[in-house]
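Presented below is the structure to which this report refers.
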Amino acid sequence: MADEKRISLRLPTDLHARLVEQARTDRRSLNSEIIHLLEVTLTNAGGNGESP
């Protein structure tokens, strides 16, 4: 786990609840769900770092 960074993230309560529910549906931890969604989004955006 040396290649990982920890961050503190503030989320609106409603977004947090949506993420928790989606993680539960996908049988992932909240952390894993957020990583998955970020990876999918960045891959679909071409991974070029530009805003969609």
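Coordinate-derived values only; no laboratory data. Predicted model only: the values in this text are computed from it and were never measured. Note that each Cβ is placed from the backbone with ideal geometry, even for glycine, and that neighbours are counted across all protein chains shown.
How far, in degrees from 0 to 90, does helix 30-44 lean away from the longest principal axis of the Cα atoms of the chain, to the nearest 10? Taking Cα atoms only, the helix is inclined about 30 degrees.
If each DSSP helix of 4+ residues adds -39,500 (n - 2.57) and the sum is divided by the residues in the chain, what number results at 222 nm, nearest 500 deg cm²/dmol?
Values: 2 runs with 29 residues, N = 52.
The helix-only estimate for the chain comes to -18000 deg cm²/dmol at 222 nm.
Taking the C-alpha atoms only, the angle from helix 13-26 to the longest principal axis of the chain is near 90 degrees. Put a plus charge on the Cβ of each Lys and Arg, a minus charge on the Cβ of each Asp and Glu, and nothing anywhere else: the dipole of the chain about its Cα centre is then about 200 debye.
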